[in-house]
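A short worksheet on the structure shown next.
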Amino acid sequence: MTLRKRIGAGSLRVTSATAAGVAAMLIVAACSSSSSSGSSSSAGSTSSASATGSTTIGVALTYNSTAFWAAYLNYENQYAQQLHIHVLGPLLAGNDANLQNTQIEDLVNEGAKAIVVNPETATSLGPAISYAAAHHVQLISVDTIVGVGKVYMVVRASNILYGMDACAYISSQVKSGYVLDLEGDLTSSNGADRTNAFNDCMAANDPGVHILKAPTVWTEATAVTDAQNAVNAYGSQLKAIYSQWSSPDTGILPLLKSKGLTGKVLVVSDDGVPFEMCDITNGSLSASQSQPANLYAYWALKYALDAANGVKLTAGEPGGGAPTLQLVTYAGDTNLADPIVAPFVTKTALTFNITPVDGQSGAVATTPVSNGQLWGNVYGSAHGGVCSSSAS
C-alpha cells in the first residue's frame, strides 16, 4: 500500500480565507470536460475514459436541484478530467434512499473502483455500504456524516462552525426581541449540527433573545412561509433570521423589502452561491457561510482515487480542506473525515470573540465578499455575473 503526501489547507480556525485561496488554485488548475452520459438515471456530464490510466469512479448524489449542487457537478466534471478519472454517473436519487442504495449497487456492478456519494441521510446507506464492502469497493461521503457503517472518508465542512458563525454575527448586534431559526432537516447531520450549535451558542452568548425554531426539512416554501408568519406576528421585534440554506433567500429578501425591513432584520444564510455574494454586496443579506462546492468536488474525487489505489490515511495527517484529518462519530459509528473550514462571508472583514460551544474556538474572522477567490464569485463571474440571479 502506498502513502501519498497531502497538502494542508490552513492552520487556524480564524483564517477562513484559506479555503477560498485553495479554491482559487484548484479552479485555475482545472479544465473543462465534455461528452454526455446516455443513461436515463444520470445527470450532467460523464468524463471521458479515453485518457491512458484513467480510474473509474462512481458518483451517486441525492439531487442537483440547488445552485450549490449544480455548481458541484460543474466542478466535478472539470476535476475528473484533470485527475484522469472516468466518472460513472452522477446518478441522482431524488431523495429516495432505497433508490440510492440500488444505484450504488449498480455502480459497483458496473466496475466503479470507489464511489462518491451524497447520502440521503446519515443513516440511509447501510445496504449500499455492506454491498460495496463485499465487493472491495469503498465509499466517500460528501456533505454528510455517515452513521451506519464504515466509509473511506467524509468530505464535509464543519456544520458546527456554520451554526456558531451565524450566532457570532447575530449575537454581536441583537440583544433583545426574536430571532427566527429556519432549521434544516434535523434527521440529517447537517441540519442537526447547524441547529444545535446555533441554539447552544445563542443561549451562551445572547440569553436575552428568544429563538423561534422553525423546522423546514429543507423545504423552501415552508421556510418562506415561516418567515412571513414571523414578520407578521412580531414586526419590529423580529431582529434576525438564520436561514440554514440559501434557497429561501429568494423569497425572504423580497418579503423584507416589501415590508421596509431590509437592513433592519439581519439575514444570515448558508451556501455561498453567486446570488448571495450579490446580496451581501448590496446589503440585503448580512452574511453567508460559503460551503465550498469546488473543494467538495475536488477532494471527494481525490479521496476516491486514494481509496481505489489502496492509500491508507489516518487521523492527524494534514487534510485537504482542514488543517488535519479527524475522526467523526455519528449514531455510534466513527469514520475518518476532512472537516473543511468554510469561509464565513460578510460585506467587510470582521472579527468576533464569543463564548464557544462544542469545544470550538471562540475566535471568528470573516472573509469580505469582495474576495475574488470565493467560489461563488468565481462561478458567478463565469456564468453571467453574481447578480444575474439575485434574490433581491
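Starting from the Kirkwood Rh over alpha-carbon pairs, what translational D in µm² s⁻¹ does region 131-244 have by Stokes-Einstein at 10 °C and 1.306 mPa s? Here the translational diffusion coefficient equals 103 µm²/s. Within the shell of other residues whose beta carbon sits under 12 angstrom from the beta carbon of Ala304, the net charge comes to 0, with Lys and Arg scored +1 and Asp and Glu -1.
Simple spin-label estimate for Asn95 and Lys264 gives 3.4 nm between the two label positions (7 Å along the Cα-to-Cβ direction from each Cα). Angle of helix 293-308 to the longest C-alpha principal axis of the chain, folded into 0 to 90 degrees and rounded to 10: 30°. Largest first and in whole Å, the equivalent-ellipsoid semi-axes of region 341-392 read 28, 11, 10, each the square root of five times a Cα gyration tensor eigenvalue. Note on the chain: with neighbouring protein chains present and a 1.4 Å probe, carbon and sulfur make up 52 percent of its accessible heavy-atom surface. The calculated FRET efficiency for the pair Leu327 and Ala363, based on their C-beta separation and a Förster distance of 25 Å, comes to about 0.55. A 1.4 Å probe run over region 134-288, with the rest of the protein chains in place, finds 32 Å² accessible per residue. In the chain, the longest principal axis of the Cα atoms and the axis of helix 67-82 are about 30 degrees apart. Global dimensions of region 99-143 from alpha-carbon coordinates: Rg and Dmax equal 9.3, 25 Å. Of all DSSP beta bridges in the chain, what percent run antiparallel (nearest 5)? In the chain, DSSP labels about 25 percent of beta bridges as antiparallel. Can you spot the aspartates and glutamates whose alpha carbon is less than 14 Å from Lys175's alpha carbon? Ignore those fewer than 8 places along the same chain. Straight-distance partners of Lys175: Asp206. Computed over neighbours whose Cβ is under 10 Å from that of Ala223, the net charge equals -4, Lys and Arg +1, Asp and Glu -1. Accessible surface calculations at 1.4 Å, restricted to protein heavy atoms, place region 295-378 at 36 Å² per residue. Summing +1 for each Lys or Arg and -1 for each Asp or Glu among the other residues whose beta-carbon sits under 13 angstrom from that of Val117 gives -4. Taking the average, over residues, of other Cβ atoms within 10 Å as the packing measure, peptides 301-312, 334-345, 265-276 rank 265-276, 334-345, 301-312 from highest down.
Where (1) 62, 51, 42; (2) 76, 58, 40; (3) 61, 42, 37 are the candidate values, the label of the one calculated here for Cα extents along the principal axes in Å is (3). Centre-to-centre separation between the Cα atoms of region 212-257 and those of region 74-111: 34 Å. With Cα atoms as the point set, region 234-315 shows a radius of gyration and Dmax of 18.4, 58 Å. Between Ser290, Ser65, Ser130, find the one with the highest GNM mean-square fluctuation for the chain; connect C-alpha pairs within less than 10 Å. Evaluated over the chain, the most mobile residue of the options is Ser65.
Accessible surface for region 65-118, divided over its residues, is 34 Å² per residue with a 1.4 Å probe. Relative to the dominant Cα principal axis of the chain, helix 249-258 is inclined by about 20°. Segment Ala315..Ala134, full-extension length gain: 62.7 nm, with 0.36 nm per residue of separation and the alpha-carbon distance subtracted.
The values are calculated or read from the model by the stated rules, or taken from the named source; none is laboratory data. Keep in mind it's a predicted model, so treat the numbers as computed, not measured. Note: ideal-geometry Cβ built from the backbone for every residue, glycine included; neighbour counts use all protein chains shown. SASA here: full protein model, heavy atoms, side chains in, ligands and nucleic acids out. Shrake-Rupley method; radii C 1.70, N 1.55, O 1.52, S 1.80 Å.
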